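Below: one structure, written as structure tokens.
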Amino acid sequence: MSDNLVIVESPAKAKTIENFLGKGFLVKSSMGHIRDLAKKNFGIDIKNNYSPQYIIPDEKKKIVEELRKLSKSAKTVWLASDEDREGEAIAWHLSEVLELPAEKTRRIVFHEITKDAILKAIENPRDIDQKLVDSQQARRVLDRLVGFELSPVLWKKVMPNLSAGRVQSVAVRLLVEREREISNFKASSAFKVTAIFLAKDAKNQTHEFRAEIPEKFSSSEKALKFLNSCVNAQYEVIDVVTKPSRKSPSAPFTTSTLQQEASRKLGFSVSQTMSVAQRLYESGKITYMRTDSVNLSETAIKTAGNVIKKVFGVDYHSPRRYKTKSKGAQEAHEAIRPTYLEKEDIQGSAPEKRLYELIWKRTLASQMSDAQLEKTTVSISISTKEKNFIATGEVLKFDGFLKVYIESSDEESEDSGRALLPPVKVRDKLEAKNIQATERFTSHPPRYTEASLVKKLEELGIGRPSTYAPTISTIQQRGYVIKEDRPGEKRKYSVLTLENGKIHSENKYENTGAEKAKLFPNDIGIVVNDFLIRHFSEIMDYQFTASVEKEFDEIAVGKLNWTKMLDRFYKPFRERVQETTDKSEKSTGTRNLGTDPASGKPVYVKIGRYGPMVQIGDPEDENKPRFAPLPKNWRLETVQLEEALSLFKLPRQLGQYEEVEIVVGQGRFGPFIKHKNQFYSLKKDFDDPLSITFDRGVEIIEEKRKKAGEKIIRQYPEKPGLQVLNGRWGPYISFQDKNYKIPKSKVAGELSLDDCLDIIKASENNPGKKKPVRKKKT
């Protein structure tokens, strides 16, 4: 047994750290939290000052037993969980569960897994910070109270199996409000006038450049009138203004800005970014990835400077010290950076390499010189009008940090990247090659991506670095929000062109409204949001949610007692829960669309027991109401009567194939074809269940049969249900809803029935082997 037991959160860290510490140190992992709140009675003794009732989950009992045994024989136990509040709470739970005496317990923290950082932490241990633990407990208990109190209200008043969360519900509100802004938005158009001018230089060479009228024309008539006035006009340069400008690099990455840039540049989801960053941190390649500090250590600034001077030259070096500006910033240790800035690339998976490169470039760029630009503005008069054309150009005089890194934006400007202008001077005469008035439409507010939602939450002071990724994952897992692409639609626009003294007009088409990886609230998310705002406005209030985060921060520094904070919140909240449960009406988002012409009965859309649906008739009618599930991309708030009635044309019969009818229907999970008791999903955005043909139905059936046939390697008639199949990870045996691995020594296509039964028997009887996984029923 070792004299020193070091306990970290993850096994990936354990091996790296043990190598640094060497002989006399044993490093073990707790695999994250070893305790959690019990499910019974919320896991909180509310009457006893909100005392948390912790249990050790079954899957952690073996780990705890091992750590308990090792800690008893060790002379010193080093608690080396992460440096944030969650990590502090893990250290506290370990000390409590393992019953560690204070005299043999040391708490150490580090924000990078390097030998110097680990040894320095060992030389500077501290006690567990109870204030940080209290802050984490306050968040955990408050979130449990909100979730466990609100969820049953939603089950009773909206739909079974729903849940609510303090931060998650506010995130959904942002998405719902943005969706309604977009639904209520009315696009307007105006005409933007641009010209291509020809200028001659001293060598009589002709150069083309683009200029535009700064103001837009509100109608085609006004744009046409302007173009008519330009038919015989003369054009002259009346002003040339050249100004130097500078562009500075962005600060090093925080959790939020890393998630945003990884989304824009690499296409990573927020949770993917955090997962990859975690692996980079645990393997000692980057500093701790949950931070809202933009600070860099003096050592990092010095190392970055050395790298910049060596690779790019001394002119590219400009050391900077950044200060955190985000609302309610905490854990102000250091920004996310490579642990060894000299390493431009690393060994690892493709996502790890790409994310590391992004972090390396951003960190290095933050310590580099400003980019130096020269901006030129040329004003061009029109002899027949008082308006002027304006041309703008930009010359990069010194690239500075741009040599390494250019930050992305969620809304790219259409004027980004100004062109280089020819050498024109005042009184130069210009020739207009053509002048064009193009109809342009106003755009609705952009939908949120995962990254831009994180940015908005951070701006509002809602959530913290450790909460962004789980918040966004949770609202999608609950079905309140869906992330998807949408194709957009064709839109006509007008173009008027003056060329060679004549004006001609034409209509063109563009794709508008296309969405890529955007977050859309589902009907159930909208209905739950409206219900919570109506009955729990404080919980859903942005400022209130941000103020709760501030109170967690005050607890962390000892300015506020955590149980008093909970008490102040919980008592009025509990009264509101009771009042809503007893007195509020059921909320289903019901809309009356009108009357069914065939039956004369009312038609509604609403949330039913299994989700959004259309209903014809009322429960009290002599004949029972008829129901149809609402298709996936339809919305309660926008569906119209004719669309709703079309759903009752399903199921449709397409005709007989192999003497059995092909039936098209609409189910909870979308439109489908049914044939011989087999179900075949229709292709999204391609197959319309109301218009799909018999031939297309047969094609779908045969496509799936072919795919299924390619999956089957062998079947055994004498043993129905036993098959050798091709799977994602190679061939395997399937029998009685269980899968069995085929030994490498066997050839799948040559397995006899006896071979299969022997493999199944050996797998079932060998306790050292992993048990076969039961397949999910579909």
Expressed in angstrom and rounded, the centroid-to-centroid distance over alpha carbons for the range 73-147 and the range 417-480 is 42 Å
May I ask you to give the average projected area over all directions of the convex hull of the Cα atoms of the range 464-517, in nm² rounded to one decimal?
6.8 nm²
May I ask you to list the chymotrypsin sites (Phe, Trp or Tyr not before Pro) in the range 627-687 that are in a DSSP loop and have at most 15 other Cβ atoms within 10 Å of their Cβ?
Phe669, Phe686
Any chance you could list P(r) for the range 645-776, counting all Cα-Cα pairs in 5 angstrom bins from zero, rounded to whole %?
2, 9, 16, 16, 12, 10, 11, 10, 8, 4, 2, 0
Per DSSP, loop GluC sites (Glu not before Pro) in the range 632-732 with at most 16 further Cβ within 10 Å
Glu637, Glu658, Glu659, Glu718
Could I have the simple spin-label model distance between Ala708 and Ser229, label points 7 Å from Cα toward Cβ, reported in nm to one decimal?
7.2 nm
Which of the GluC sites (Glu not before Pro) found in the range 55-118 are in a DSSP loop and have at most 14 neighbouring Cβ atoms, other than their own, within 10 Å?
Glu99
With r as the distance between the Cβ atoms of Gln640 and Gln205 and R0 = 60 Å, compute the FRET efficiency 1/(1 + (r/R0)^6) and round to 0.05.
0.45
Rounded to 0.05, the calculated FRET efficiency for the beta carbons of Lys40 and Phe544 at R₀ = 25 Å is 0.30
Can you compute the helix-only [θ] at 222 nm over the chain? Use -39500 (n - 2.57) per DSSP H run of at least 4 residues, normalise by all residues, nearest 500 deg cm²/dmol.
-11000 deg cm²/dmol
Can you list which of the DSSP-assigned H helices in the chain have a Cα extent of 30 Å or more along the long axis and an average Kyte-Doolittle score of at least -0.5?
130-157
With all protein chains present, how much of the accessible area of the range 1-143 (probe radius 1.4 Å) comes from carbon and sulfur, to the nearest whole percent?
49 percent
Residue pairs, from the table Lys343/Lys518; Lys285/Lys550; Lys15/Lys131; Lys483/Lys606, whose Cα atoms sit over 27 Å apart
Lys343/Lys518; Lys285/Lys550; Lys15/Lys131
Give me the aspartates and glutamates in straight-line cross-link reach of Lys28: C-alpha distance below 13 Å, same-chain residues under 8 apart excluded.
Glu9, Glu18, Glu65, Glu66
Can you tell me the Rg and the Dmax, both Å, for the Cα atoms in the chain?
32.9, 97
Cβ-defined net charge surrounding Ser752, 13 Å radius [Lys, Arg +1; Asp, Glu -1]:
-2
Which net charge results when you count Lys and Arg as +1 and Asp and Glu as -1 among the other residues whose beta-carbon is under 12 Å from that of Lys131?
-4
Tell me, what is the per residue accessible area of the chain in Å², probe radius 1.4 Å?
53 Å²
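The values are calculated or read from the model by the stated rules, or taken from the named source; none is laboratory data. Since this is a predicted model, take the numbers as computed values, not measurements. Don't worry about glycine lacking a Cβ; one is built from the backbone with ideal geometry, like all the others, and counts go over all protein chains shown. For the accessible areas, the whole protein counts, side chains as well, though only heavy atoms, and no ligand, DNA or RNA atoms are used. Shrake-Rupley method; radii C 1.70, N 1.55, O 1.52, S 1.80 Å.
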